[in-house]
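What follows is one structure encoded as structure tokens, with my remarks underneath.
Only the coordinates and a few stated rules stand behind these numbers; no lab work does. All values reported here derive from a predicted model rather than from experimental measurement. Virtual Cβ from ideal backbone geometry, glycine too; neighbours counted across all protein chains shown.
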Amino acid sequence: MLIDKVEAVTKEDIRRVMLRRRRETSQEEIDEKSRRIAEVLLSLDFIRNNQTFMVYVNMPGEVRTERIIEDLLKAGKTVAVPVCIPQTVDLLASEIKGLDELVPGHYGILEPKKEFIRPIDPRTLEVIIVPGIAFDIRGNRIGHGKGYYDRFLRKVSPFAKKVGLAFEFQVMPDVPVCHFDVPMDMIITENGMRK
């Protein structure tokens, strides 16, 4: 079942359908679509023109971000990745020098080893690359429901670009929103950019 309308559909309904859809997507399809998404993102002027980034490290089924991180590092950019702090349900932005600094952390997501934690002030981030389970055409986002990113995104500069990465099937006409949800400035899928 694909959700096209959101009449009386809850965030939990959407999560269930989208997570199932992601599980049904082959690794080859994820790899190919992720490659196209990375190409679109890395070709954008604001990526070339900014210096300080936070990029999520993908979980299985999400748009893959290894190439994005590697290309930004090769270009001399400052790249932070999120570190989950479950006690406070907060994210810490931690600068990395390479993917080899990462090990499985909370929720099995790759995070820097303790000795490589280098906190960055969220207000200095210029571009934040954000995952999601579903997005709508206005940039609203549904995550896993714990609120890590919504809390974090309220701490960044109002001028920071918030970019959601998604497969085209994850973008819906509408998703339910709450007052504390932080929308994206743009979404990038394998078909290109949506502002």
Original post:
In a GNM of the chain with a 10 Å cut-off on Cα contacts, which of SER43, SER157, SER34 has the highest mean-square fluctuation?
Top reply: SER43
Subject >> Candidates ARG35, ARG141, ARG16: whichever shows maximal mean-square fluctuation once the chain is modelled as a Gaussian network with Cα springs under 10 Å >> reply: ARG16
**OP:** Give the label of the value calculated from the structure for semi-axes √(5λ) of the Cα gyration tensor in Å, choosing from (1) 30, 20, 14; (2) 27, 20, 14; (3) 25, 18, 17.
**Re:** (3)
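Filter the chymotrypsin sites (Phe, Trp or Tyr not before Pro) in the stretch 89-195 down to the DSSP loop ones having no more than 13 other Cβ atoms within 10 Å, then list what survives.
Hits after loop and neighbour filter: PHE159, PHE180.
Counting Lys and Arg as +1 and Asp and Glu as -1, what is the net charge of the other residues whose Cβ lies under 11 Å from the Cβ of LYS155?
Working: positive: ARG123, ARG151, ARG154; negative: ASP90, ASP121, ASP150.
Surrounding charge for LYS155 is 0.
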Original post:
Can you list the residues, at least 5 places off or on another chain, whose amide H is less than 5 Å from the amide H of GLU111, using H built in the peptide plane?
Top reply: VAL103, GLY105
**OP:** Have a look at HIS144, HIS179, HIS106 and tell me which one the Gaussian network model of the chain (Cα, springs below 10 Å) gives the largest fluctuation.
**Re:** HIS179
Original post:
Long-range amide H contacts for ALA134: which residues qualify at under 5 Å (H placed 1.01 Å from N, peptide plane, sequence gap of 5 or more or a different chain)?
Top reply: ILE142
Original post:
Under a point-charge model restricted to the Cβ atoms of Lys and Arg (+1) and Asp and Glu (-1), what is the dipole moment magnitude of the chain relative to its Cα centre, in debye to the nearest 20?
Top reply: 360 debye
Subject >> 10 Å beta-carbon shell around VAL81, net charge (K/R +1, D/E -1) >> reply: -3
Subject >> On Cα atoms only, tilt of 11-23 relative to the major axis of the chain in degrees >> reply: 70 degrees
Original post:
Along the stretch 146-161, what does the Karplus equation 6.51 cos²θ - 1.76 cosθ + 1.60 (θ = phi - 60°) give for ³J(HN,Hα), rounded to whole Hz, x for Gly and Pro?
Top reply: 8, x, 3, 5, 4, 5, 5, 5, 6, 9, 8, 4, x, 8, 5, 8
Original post:
Cross-link list LYS114/LYS161; LYS77/LYS161; LYS97/LYS155; LYS97/LYS146; LYS77/LYS97; LYS11/LYS146: which exceed 19 angstrom alpha carbon to alpha carbon?
Top reply: LYS114/LYS161; LYS97/LYS155; LYS97/LYS146
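For the chain, calculate the relative contact order in percent as a whole number, restricting contacts to Cα pairs under 8 Å that are 6 or more residues apart.
Values: 365 pairs, mean separation 44.3, N = 195.
Value for the chain: 23 percent.
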Original post:
Quick one: helix 27-42 against the long Cα principal axis of the chain, what's the angle to the nearest 10°, folded into 0 to 90?
Top reply: 60 degrees
